[in-house]
Structures are given as structure tokens and as C-alpha cells.
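Rule-based calculations on the coordinates, nothing more; no lab input. It should be emphasised that the depicted structure is a prediction, and the values quoted were computed from it without experimental measurement. Note that each Cβ is placed from the backbone with ideal geometry, even for glycine, and that neighbours are counted across all protein chains shown.
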Amino acid sequence: MAFVVTENCIKCKFTDCVDVCPVDCFHQGPNFLVIDPDECIDCTLCEPECPANAIFAEDEVPEGQENFIELNAELSKLWPVITEVTKPLPDADDWNGKTGKLSLLEK
Ligand code: SF4
Ligand code: F3S
């Protein structure tokens with residue numbers, strides 16, 4: 001199993017999650033982060049750190065967002081590792097909680 005970043009990270013990217021990951025398995029795209037499922041050790045530390053509540057254990061991903069399990073696996077192989085906290089995206093607070101953001105995901 002692994003932890004999974006889901007839709008609410010899109011256009012927020014607060015990056016607090018990155019600070020606590022002991023194995024540096026977060027990867028960064030233009031407006032979204034993903035977790036490499038091959039590296040995640042299920043330590044659970046990142047889940048409570050996300051201000052957008054976007055991180056879930058694989059078996060607890062909300063209904064309708066199961067496609068993010070595959071997206072994390074796929075995009076983590078393409079995107080670079082991020083190990084340091086950065087500024088959230090502009091308007092992150094406005095986007096926090098909005099639904100239907102998948103179409104806004106930039107790859
Ligand atoms: Fe990293 Fe732990 Fe979160 Fe997995 S559960 S992504 S190892 S902080
Ligand atoms: Fe995204 Fe939450 Fe991390 S918004 S960048 S998963 S802290």
C-alpha cells in the first residue's frame with residue numbers, strides 16, 4: 001500500500017507534506033504533487049500535515065477519486081522529487097475545497 005495525493009492538491013500545492021516525508025517520495029508537477037508508491041513506506045506522517053486534506057491511504061481514497069492512485073504512480077515516474085517546502089500556489093486558499101479540479105491538472 002501507499003499514500004496517495006488526491007484532487008484537492010491541484011492548484012493549491014501547499015507543500016507542507018514534503019517537510020515530513022522521511023523517504024523523499026513526493027514528486028512535483030506544475031500545480032500538483034504526487035507520491036511514488038514504490039518509495040512510500042506508509043509512515044502516515046504526511047496525511048495530517050496537508051492543509052487541503054488531499055492525502056489519503058490508498059484504501060481510503062474518497063469515492064470517485066480512485067483514478068488518483070494510478071495518476072500518482074504514473075506521474076511520480078515523470079516528475080522530479082521535491083524535498084523542500086515552497087510557497088503555495090497563488091490563490092491556493094481560494095482553490096482549497098473546490099471540486100472538479102482534475103481537468104486543471106497540468107502535466
Ligand atoms: Fe512519505 Fe510517509 Fe507520506 Fe509515504 S506516508 S508519502 S513515506 S510521509
Ligand atoms: Fe498538495 Fe497538500 Fe502537499 S496541498 S503539496 S498534498 S500539503
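Taking the convex hull of the Cα atoms, report for the range 1-43 its projected area averaged over all directions, in nm².
Values: hull surface 11.5 nm².
Averaged projected hull area, Cα only: 2.9 nm².
Calculate, for K77 and L104, the FRET efficiency according to 1/(1 + (r/R0)^6) with r their C-beta to C-beta distance and R0 30 Å; round to the nearest 0.05. Before the final figure, lay out each step's value.
Numbers: r = 22 Å, r/R0 = 0.72.
After rounding, the FRET efficiency stands at 0.90.
Arrange E7, E58, E84 by Cβ neighbour counts within 10 Å, fewest through most, would you? List each step's numbers first, then the result.
Details: E7 22, E58 17, E84 7.
Fewest-to-most Cβ neighbours within 10 Å comes out as E84, E58, E7.
With runs of 4+ DSSP H residues as the only contributors, calculate the mean residue ellipticity of the chain at 222 nm using -39,500 (n - 2.57) per run, divided by the residue total and rounded to the nearest 500.
Working: 3 runs with 19 residues, N = 107.
About -4000 deg cm²/dmol.
If a/c stays under 1.5 just call it rounded; otherwise compare a/b with b/c (prolate if a/b is bigger, oblate if not). Do that for the chain, with a ≥ b ≥ c from the square roots of the Cα gyration tensor eigenvalues. If you can, show how the numbers build up before the last one.
Values: a/c = 1.35, a/b = 1.15, b/c = 1.17.
Note, shape of the chain comes out rounded.
Sort V5, V81, V23 by Cβ crowding within 10 Å, fewest neighbours at the top. Please list the in-between numbers first.
Numbers: V5 27, V81 14, V23 11.
Ordered from fewest to most neighbouring Cβ atoms within 10 Å, V5, V81, V23 come out as V23, V81, V5.
Percent relative contact order of the chain, based on C-alpha pairs within less than 8 angstrom and at least six residues apart? Don't skip to the answer; put the middle values down first.
Values: 210 pairs, mean separation 48.8, N = 107.
This gives 46 percent for the chain.
Tell me, what HN-Hα J-couplings in whole Hz come from the Karplus equation 6.51 cos²θ - 1.76 cosθ + 1.60 at θ = phi - 60° for each residue of the range 73-78, using x for Gly and Pro?
Karplus values, whole Hz, x for Gly and Pro: 4, 6, 6, 5, 7, 9.
Assigning unit charges at the beta carbon (Lys, Arg +1; Asp, Glu -1) and nothing else, what dipole magnitude in debye, to the nearest 20, does the chain show about its Cα centre? Don't skip to the answer; put the middle values down first.
Values: 7 positive and 22 negative charges, 105 e Å.
About 500 debye.
Using the Karplus curve 6.51 cos²θ - 1.76 cosθ + 1.60 with θ = phi - 60°, work out ³J(HN,Hα) for each residue of the range 51-68 in order, rounded to whole Hz, and write x for Gly and Pro.
x, 9, 6, 9, 9, 9, 5, 3, 8, 10, 4, x, 3, x, 10, 4, 5, 6
Compute the distance from the alpha-carbon center of the range 1-31 to that of the range 33-107, in whole Å.
Rounded to whole Å, the Cα centres lie 5 Å apart.
Among F26, F14, F56, what is the fewest-to-most ranking by other Cβ atoms within 10 Å? It would help to have the intermediate numbers written out before the result.
Details: F26 27, F14 21, F56 18.
Taking fewest neighbouring Cβ atoms as first place, the list is F56, F14, F26.
If you wrap the range 57-107's Cα atoms in a convex hull and average its projection over all directions, what's the area in nm²? Mind dumping the intermediate values first?
On the way: hull surface 18.9 nm².
Answer in nm², one decimal: 4.7.
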